[in-house]
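**Student:** Below is one structure. I have some questions about it.
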Amino acid sequence: QVRLVESGGGLVRTGGSLRLSCAASDTLFSFNSLGWHRQGPGKQRELVATITRFEDTNYADSVKGRFTISRDTAKKTVYLQMNSLKPEDTAVYYCAASRHYDYDYWGQGTQVTVSS
């Protein structure tokens, strides 16, 4: 069973930065794609950023230019660097991993709160 463990959430002021980490129990090369999703209060879950096995990245329009997804294969860890944070970024952030097309494995989530 694959385990994904997120960390790095917290409370930050508008304009601040946070770096989220997602530690996987399996080698990152066993996944076709890894992604960060978020679910804000009263909102549907949305895909924020993805990174493929070949290190291609993709971002939601709402975070382009502010968030960066990266990985360290030796540490089996995926990161989400979040800069210029806004109150609307407040959400529970989830790491997820896909072997083929759907996201098969999910972490427990980490809370990010951005105060105005």
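**Student:** Please work out which one of (1) closer than 19 Å to Ser25 by Cβ; (2) in contact with a strand residue (DSSP E or B) (Cβ under 9 Å, 6 or more places away or on another chain); (3) not hydroxyl-bearing (Ser, Thr, Tyr) is the condition Ala49 fails and give its number.
**Tutor:** Every listed condition holds for Ala49 apart from (1).
**Student:** Quick check on my filter: what residues within the range 1-16 are in a strand (DSSP E or B), farther than 15 Å from Gln81 by Cβ and either among the basic types (Lys, Arg) or out of contact with any Cys (no Cβ under 9 Å at 6 or more places or on another chain) (or both)? Even if it seems obvious, please write down each step before you answer.
**Tutor:** In the first step, residues of the range 1-16 are kept if they are in a strand (DSSP E or B); the result is 4-7, 10-13.
Next, only the ones that are farther than 15 Å from Gln81 by Cβ stay: 4-5, 11, 13.
Once the filter is applied, which keeps residues that are in a strand (DSSP E or B), farther than 15 Å from Gln81 by Cβ and either among the basic types (Lys, Arg) or out of contact with any Cys (no Cβ under 9 Å at 6 or more places or on another chain) (or both), the range 1-16 yields Leu11, Arg13.
**Student:** What do you reckon, is Tyr105 out of contact with any Pro (no Cβ under 7 Å at 6 or more places or on another chain) and either open to solvent by 40 Å² or more (accessible area, probe 1.4 Å) or over 14 Å from Thr50 (Cβ atoms) (or both)?
**Tutor:** So Tyr105 fits the description; yes.
**Student:** Only residues that are surrounded by 15 or more Cβ atoms within 10 Å (Cβ to Cβ), within 19 Å of Met82 (Cα to Cα) and touching a residue at least 40 places away in the same chain (Cβ under 8 Å): list them for the range 17-56, please.
**Tutor:** Leu18, Leu20, Ser21, Cys22, Ala23, Leu34, Gly35, Trp36, His37, Arg38, Gly40, Val48
**Student:** Of the numbered conditions (1) at pLDDT 95 or above; (2) loosely packed, with under 14 Cβ neighbours inside 10 Å; (3) under 17 Å from Gln111 (Cα atoms), Gln81 satisfies every one except a single condition; which is it?
**Tutor:** (2)
**Student:** Take residues that are of a type in the set (A, V, I, L, M) and under 15 Å from the mean Cα position of the chain (by Cα) and tell me which of the strands (runs of 3 or more DSSP E) falling wholly in the range 29-116 contain 2 or more.
**Tutor:** In the range 29-116, the matching strands (runs of 3 or more DSSP E) lie at 46-52, 77-82, 91-98.
**Student:** Out of all the residues in the range 57-71, is one or more open to solvent by 30 Å² or more (accessible area, probe 1.4 Å) and at pLDDT below 95?
**Tutor:** No, the conditions are met nowhere in the range 57-71.
**Student:** May I ask you to list the residues in the range 19-28 that are within 12 Å of Tyr105 (Cβ to Cβ) and in a strand (DSSP E or B)?
**Tutor:** Cys22, Ala24
The values are calculated or read from the model by the stated rules, or taken from the named source; none is laboratory data. A quick note: this is a predicted structure, and the numbers were derived from the prediction, not measured. Cβ atoms come from the backbone with ideal geometry, glycine included; neighbour counts cover every protein chain shown. Quick note on the areas: whole protein, heavy atoms, side chains included, nothing else; ligands and nucleic acids left out. Shrake-Rupley method; radii C 1.70, N 1.55, O 1.52, S 1.80 Å.
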